[in-house]
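Report on one structure; see the data block that follows.
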Amino acid sequence: MQNFAVLRKAAACCSCILFSVVCLPAQRTTSRENQVKAVFLFNFTQFIEWPASAFNSPDAPFIIGVIGNDPFGNYLDETVAGEKVMNHPLVIQRYKDLGELQTCHMLFIGQEDPQKIKTILDVLNRRHTLTVSDYKNFAYSGGMIRFYTQENKTRLQINLSIAKAAELNISSKLLRVAEIID
Amino acid sequence: MKIKGTSIQRKLMRVILQTCGAVLILTCTAFFAYEYYSFLRTTRIQLSTLGKVIASNSTAALAFDNREDASTLLSALKAEPHIVAACLYDEAGNVFSTYPEGISVDVFPQRPGADGYIYTGTYLEGFEPSVEGNKKLGTLYLKSDMEAMYARFQLYGRIAFLVIVGSFFFAFFLSRRLQKTISDPIHSLADTARSISEHKDYGVRATKSNVDELGLLTDAFNQMLTQIEAQNSAITAFNQQLEQKVHQRTAQLEQAKDEMEVINNKLVKSNRDLEQFAYVASHDLQEPLRKIHTFTEMAEKKALDQEQQKLYFQKIKSSAKRMSELITAVLNYSRLSRTAEEFADTDLNIVVENIKTDFELLISEKNATIENKGLPVIKGISLQLHQLCLNLISNALKFTEQQPVIQITSRVVSAEDISRMTGWVANGNYAELVFKDNGIGFDQQYAQKIFTIFQRLHDKHSYAGTGIGLALCKKIVDNHNGFITAQSEVGKGSAFYIYLPV
């Protein structure tokens, strides 16, 4: 009887390993580069200061929104799980289109269409929302932070004046590791 | 002495320099210990501060995976040459960036250790968390050598060495000047003591320079000298007294010896006189006795007639008379020897006048002339002086065959002349008395002999006399510390010279 129980445990373990091996390729489609980006999104909360008026209450959630194409999958949720920014618990919200868009503190725009991006940015105008995107001319067309790849490394482009206009205070440490566009 | 002097200087200097040296070394040791610990603390604080700055600055590089930025940050450590190695670990604990460029990763710990800094051998190394907000993004590792400390301690060592050497020289010159306040009084005291022991001069005094223990020592030393000086002078005075006393005693002894000699001479002489006297007396006294004996026998044995018997008795009588005379003369002579009468001024003129009166009968009988005038006054025993003159005049009257002419003259003779004549050490002048007659005289060769007792030059039948007269004269003159001489020639009279102190 005991031997059987041991066997059952071993079988469970084997099925687990098998499952993970089978599942990995499915997640890897958004992996590595996007995982780094997801961590970067979280790290922005450490190096950027939001005005107190951006929150309804001292313990109101810090909302990270993802609009359009979501390249992170669950990884973003895993990254921010249980984390807090200045006593504000981190929350992820996903919006399918502009109509679903709500007030958020950081918005990753998964769009390549300049027109749609412009519309989203116009909607967000004068709000304390940090806008992030992979779009090529994002920092030159009203966006704040653009991810780009250089020598296999994810790098940042920051439009400082737009961020300042949104009353976001970006740490000089962050500015030092980024390309600044005015 | 000089060597001893420098030795006390050296001792003082050695004490001062040793004290200085000990104090300096202790001070320097304390300073070094304090510096060592404070430097360790400071180094750790400095490294920690530096670590905090770099760790804080490196958060974005870690957060956004920017190795270039991390390298740039770490390369700023070039400004701190004692940082030999540094690296950043990422959140997962893998080496993210290293310093200096090209260093092997094996140099660094594989995983970050606990936060904080520790000394490992000659290195100070440690970990500093790289935190942004509440989020730990990585760890900084720093490794610093202690060259800074060694360099600093070398500098301190040099400074301390210079300070010690400088202080030593300063202390040396200062003590050379200051120790004089102690060593100089000691030197001067020692010099004084040496000079005293060399020259035996206890009148010297040490000079007191200070009112301290050395001053007290100098005072005590001077007091001692005063005492020694007083004792010395007392001893010298005592010695002088003693010497004087010895001189006195020697002189007294000398004098006593002289006196004894004089007395002894007198005794010898008187003994000789006595012997002669005994001999002569027995001979001279026996002669009349024998005569008496013979005539008595003859008168007894023979039947004698009246006439012859009368003659015999007459002879016996004359012998007895002569014997009586002899005994009287001897008694007179012996009495002179025992005389102890006081001297008194005696005028010889009066003495001679008295004698002239005594011999009045004989003078007129012999038709004699006695000339005397201006005789001196002599200090003496007047009876003896009378006897002296009497004997001399009597002799002159007696021993003559013609009318006697006697001249008595006198003059003063100086001490020098007396000395020349006798060899005496004469004091003061003498009176010379000359009794000159025209009697029978005598051969000059008997000039000494005549003064001996019972010495007769003539047969007693030719000239009456006992043989004592001149001996008596000599005795009297001797008693008066004078002397008597005679000058004569047979048949031409004689002169007697008497010298008596005035």
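Among the listed residues A:Ile120, A:Ile145, A:Ile170, which satisfies the condition of being touching a Leu at 6+ places or on another chain (Cβ under 7 Å) and over 26 Å from A:Lys84 (Cα atoms)? Spell out how you get there, then give the answer.
Working: A:Ile145 fails: over 26 Å from A:Lys84 (Cα atoms); A:Ile170 fails: over 26 Å from A:Lys84 (Cα atoms).
Every option except A:Ile120 fails the conditions.
Restricting to region A:143-153, and then to whatever is surrounded by 19 or more Cβ atoms within 10 Å (Cβ to Cβ) and not in a strand (DSSP E or B), can you tell me which residue is nearest to the other protein chains (Cβ to nearest Cβ)? Before the answer, list the steps.
At the first step, the residues of region A:143-153 found to be surrounded by 19 or more Cβ atoms within 10 Å (Cβ to Cβ) are A:143-147.
From what is left, the residues that are not in a strand (DSSP E or B) are A:143-144.
On the way: A:Gly143: 18, A:Met144: 15 Å.
For region A:143-153, the residue satisfying everything is A:Met144.
Is there a residue in region B:302-319 that is closer than 26 Å to B:Asp273 by Cα and either modelled with pLDDT of 80 or more or of a type in the set (Asp, Glu) (or both)? Write out each step before concluding.
Taking region B:302-319 as the starting set, the residues that turn out to be closer than 26 Å to B:Asp273 by Cα are B:319.
Checking which are either modelled with pLDDT of 80 or more or of a type in the set (Asp, Glu) (or both) leaves us with B:319.
For region B:302-319, residues closer than 26 Å to B:Asp273 by Cα and either modelled with pLDDT of 80 or more or of a type in the set (Asp, Glu) (or both): present.
Output the residues belonging to region A:59-80 that are in contact with a strand residue (DSSP E or B) (Cβ under 8 Å, 6 or more places away or on another chain), away from chain B (no Cβ under 14 Å) and not in a strand (DSSP E or B). If you could, list the steps in order and put the result at the bottom.
So in region A:59-80, the residues in contact with a strand residue (DSSP E or B) (Cβ under 8 Å, 6 or more places away or on another chain) come out as A:59-72, A:76-77, A:80.
Restricting the remaining residues to those that are away from chain B (no Cβ under 14 Å) gives A:59-61, A:63-72, A:76-77.
Scanning region A:59-80 gives A:Asp59, A:Ala60, A:Pro61, A:Asn69, A:Asp70, A:Pro71, A:Phe72, A:Leu76, A:Asp77.
Considering each residue of region B:428-457, count those that are farther than 24 Å from B:Glu371 by Cα and either modelled with pLDDT of 85 or more or not hydrophobic (A, V, I, L, M, F, W, C) (or both), and give that number.
The total comes to 11.
For region B:23-34, indicate whether the set of residues that are hydroxyl-bearing (Ser, Thr, Tyr), surrounded by fewer than 14 Cβ atoms within 10 Å (Cβ to Cβ) and modelled with pLDDT under 90 is non-empty. Reasoning before the result, please.
Quick first cut of region B:23-34, residues hydroxyl-bearing (Ser, Thr, Tyr) only: B:27, B:29, B:34.
Right, trim to surrounded by fewer than 14 Cβ atoms within 10 Å (Cβ to Cβ) and you get B:29, B:34.
From the residues that got through so far, the ones that are modelled with pLDDT under 90 too are none.
There is no residue in region B:23-34 that is hydroxyl-bearing (Ser, Thr, Tyr), surrounded by fewer than 14 Cβ atoms within 10 Å (Cβ to Cβ) and modelled with pLDDT under 90.
Between residues in region B:222-234 that are surrounded by 13 or more Cβ atoms within 10 Å (Cβ to Cβ) and residues that are among the small types (Gly, Ala, Ser), which pairs lie under 6 Å by C-beta distance while being six or more apart or on different chains?
B:Asn222/B:Ala206
Do you know which residues across region A:154-165 are within 14 Å of another protein chain (Cβ to nearest Cβ) and hydroxyl-bearing (Ser, Thr, Tyr)? Lay out the reasoning, then the answer.
We begin by selecting, within region A:154-165, every residue within 14 Å of another protein chain (Cβ to nearest Cβ); these are A:154-158.
Matches in region A:154-165: A:Thr154 only.
Within region B:24-78, can you find the residues that are of a type outside the set (A, V, I, L, M, F, W, C), within 14 Å of another protein chain (Cβ to nearest Cβ), assigned to a helix (DSSP H, G or I) and free of Cβ contacts under 8 Å to residues at least 12 places away in the same chain?
B:Glu68, B:Asp69, B:Thr72
How many residues does region A:171-182 hold that are among the acidic types (Asp, Glu) and either within 14 Å of another protein chain (Cβ to nearest Cβ) or crowded, with 19+ Cβ neighbours inside 10 Å (or both)? Quick ask: steps written out before the conclusion?
Just the residues of region A:171-182 that are among the acidic types (Asp, Glu), to begin with: A:179, A:182.
Among the residues that remain, those that are also either within 14 Å of another protein chain (Cβ to nearest Cβ) or crowded, with 19+ Cβ neighbours inside 10 Å (or both) are: A:179.
Counting residues in region A:171-182 that are among the acidic types (Asp, Glu) and either within 14 Å of another protein chain (Cβ to nearest Cβ) or crowded, with 19+ Cβ neighbours inside 10 Å (or both) gives 1.
Yes or no: region B:349-365 includes at least one residue that is of a type outside the set (A, V, I, L, M, F, W, C) and touching a helix residue (DSSP H, G or I) at 6+ places or on another chain (Cβ under 6 Å).
No: zero hits.
Can you spot a residue in region B:282-296 that is surrounded by 12 or more Cβ atoms within 10 Å (Cβ to Cβ), at negative phi, within 60 Å of the chain's Cα centre (by Cα) and part of a helix (DSSP H, G or I)?
Looking only at region B:282-296, we keep the residues that are surrounded by 12 or more Cβ atoms within 10 Å (Cβ to Cβ), and these are B:284-289, B:291-296.
Checking which are at negative phi leaves us with B:284-289, B:291-296.
Within this subset, residues satisfying the condition of being within 60 Å of the chain's Cα centre (by Cα) are none.
Checked region B:282-296: no residue is surrounded by 12 or more Cβ atoms within 10 Å (Cβ to Cβ), at negative phi, within 60 Å of the chain's Cα centre (by Cα) and part of a helix (DSSP H, G or I).
Quick one: what pairs do we get from region B:403-420, first residue without any contact (Cβ under 8 Å) to a residue 40 or more places away in the chain and farther than 26 Å from B:Lys492 by Cβ, second surrounded by 12 or more Cβ atoms within 10 Å (Cβ to Cβ) and not small (Gly, Ala, Ser), C-beta under 7 Å, 6+ apart or different chains?
Here the result reads B:Ser414/B:Asn429; B:Ala415/B:Asn429, each pair linking region B:403-420 to a residue that is surrounded by 12 or more Cβ atoms within 10 Å (Cβ to Cβ) and not small (Gly, Ala, Ser).
Could you list, in sequence order, all residues of region A:154-165 that are of a type in the set (A, V, I, L, M, F, W, C) and loosely packed, with under 15 Cβ neighbours inside 10 Å? Before the answer, list the steps.
At the first step, the residues of region A:154-165 found to be of a type in the set (A, V, I, L, M, F, W, C) are A:156, A:158, A:160, A:162-163, A:165.
Listed by number, the list holds a single entry, A:Ala165.
Considering (1) away from chain B (no Cβ under 12 Å); (2) surrounded by fewer than 20 Cβ atoms within 10 Å (Cβ to Cβ); (3) among the hydrophobic types (A, V, I, L, M, F, W, C), say which one A:Leu168 fails and leave the rest.
Single failed check for A:Leu168: (2).
The values are calculated or read from the model by the stated rules, or taken from the named source; none is laboratory data. Quantities reported herein were computed from a predicted structural model and do not represent experimental measurements. As a convention, Cβ positions derive from the backbone with ideal geometry for all residues, glycine included, and neighbour counts pool all protein chains shown.
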